[in-house]
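Peer 1: Following this message is one structure expressed as structure tokens.
Taken together, the values in this text are just the output of simple stated rules run on the coordinates, not laboratory data. Just so it is clear, the model here is predicted, and its values are computed rather than measured. Ideal geometry is used to build each Cβ from the backbone, glycine not excepted, and the neighbour counts take in all protein chains shown.
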Amino acid sequence: MSESPERVVGVIQARMGSSRLPGKVLAQIGDRPLIEWTIAAMQAVPSITDLVIATTDDPSDDRLVAFLAGKVAVHRGPVFDVLTRCWDAVAPYRPTIVVRETADNPFVDPTVIERQIARLREGFDYVGCSGWPLGIAGEVATAEALGRAVREAQDPAEREHVMPFLYAHPGRFRVGTLTPPKGLAHNRYTVDTDADLEFARAIAVRLEHEPPAHLAEIDEIVRSTPYLASINATVAQKPWQQVDDRAAKGS
């Protein structure tokens, strides 16, 4: 029996109900909402054949779904079991590789994502973004490994944050890495707070083209305008082991 042909499916998880910055996915950055930056970056990854947004079935996301109509495929699923939501979003495309991104990352570098996919093809089950500035890279996994996570993960944090099951259990999966460049000017390009949004807007106004952006050029923007890094330098990233308090309350 011959192997199935490779099919790389990208999934962007997005919802309006962020605990720290509600509505951020539609916040304006430059001339377009944040999520359109993320979509443009993922559409620019050469290996990705299909792209789908994984949002929730909560009424608060009706506005997001309406905005995305006609722009990109959309799947709706559970609010806090994001692992199931993302899997159900990509499964109809019968992927062999899944690329996960989040809609709070306007400056995803498609060349980095492509390199992660290439690294996975070397025989790994998962290639993450450890060591890279937050918001630049993604997470890439074989569909086979992600399917095991869907079936076996029990920890609420593993289900909310999608991929931890693949790297939190040493020896079960082949985990690859992609070495980031050294000496970068900044390490945070994700949007999780008002300070992050202010920083992203400051970067966008200095770009001289439409998205996607690339790490080298935004690194140069920060390097040449040092005060930019101070805008969100003190923002603390939540650890993956932390779950949304609202999940435990059932809301």
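Peer 1: Select from Met163, Gly147, Leu120 the residue farthest towards the positive end of the dipole of the stretch 113-165; place +1 on Cβ of Lys and Arg, -1 on Cβ of Asp and Glu, and compute about the Cα centre.
Peer 2: Leu120
Peer 1: When DSSP assigns beta bridges and you keep just the ones with both residues in the stretch 1-101, what percent turn out antiparallel, to the nearest 5?
Peer 2: 10
Peer 1: At a threshold of 8 angstrom on Cα-Cα distance, excluding pairs fewer than six apart, so keeping six or more, what relative contact order does the stretch 132-227 reach in percent?
Peer 2: Working: 53 pairs, mean separation 29.0, N = 96.
Computed value for the stretch 132-227: 30 percent relative contact order.
Peer 1: Also, quick follow-up: Return the whole-Å distance between the Cα centroid of the stretch 136-170 and the Cα centroid of the stretch 198-224.
Peer 2: If we compute the Cα centre of each part, the gap is 31 Å.
Peer 1: Can you work out the Karplus-derived ³J(HN,Hα) for every residue in the stretch 183-198? Use 6.51 cos²θ - 1.76 cosθ + 1.60 with θ = phi - 60°, whole Hz, and x for glycine or proline.
Peer 2: Calculated HN-Hα couplings, in order: x, 6, 7, 8, 10, 9, 10, 8, 10, 10, 9, 4, 5, 4, 5, 4 Hz.
Peer 1: What list do you get for Thr38, Thr234 if you sort them by fewest beta carbons within 10 Å?
Peer 2: Final ranking by Cβ density, sparse to dense: Thr234, Thr38.
Peer 1: Okay, next question. Please list 178-184, 124-130, 103-109, 89-95 highest first by mean number of surrounding beta-carbon atoms within 10 Å per residue.
Peer 2: Details: 178-184: 12.1, 124-130: 20.7, 103-109: 26.4, 89-95: 18.9.
The peptides rank, most packed first, as 103-109, 124-130, 89-95, 178-184.
Peer 1: When DSSP assigns beta bridges and you keep just the ones with both residues in the stretch 8-181, what percent turn out antiparallel, to the nearest 5? Don't jump to the answer; show the numbers that get you there.
Peer 2: On the way: 8 of 27 bridges.
Counting DSSP beta bridges with both partners in the stretch 8-181, the antiparallel share is about 30 percent.
Peer 1: Moving on. Note down the relative contact order for the chain as a percent, whole number, built from C-alpha pairs under 8 angstrom at least six residues apart. Display every interim value, and only then the final one.
Peer 2: Numbers: 462 pairs, mean separation 53.4, N = 251.
For the chain, the relative contact order is 21 percent.
Peer 1: At 20 °C and 1.002 mPa s, grab the translational diffusion coefficient of the chain from Stokes-Einstein with a Kirkwood Rh over Cα pairs, rounded to a whole number in µm² per second. Let's see the in-between values first.
Peer 2: Details: Rh = 18.4 Å.
Value of D from the Cα-based Kirkwood radius: 117 µm²/s.
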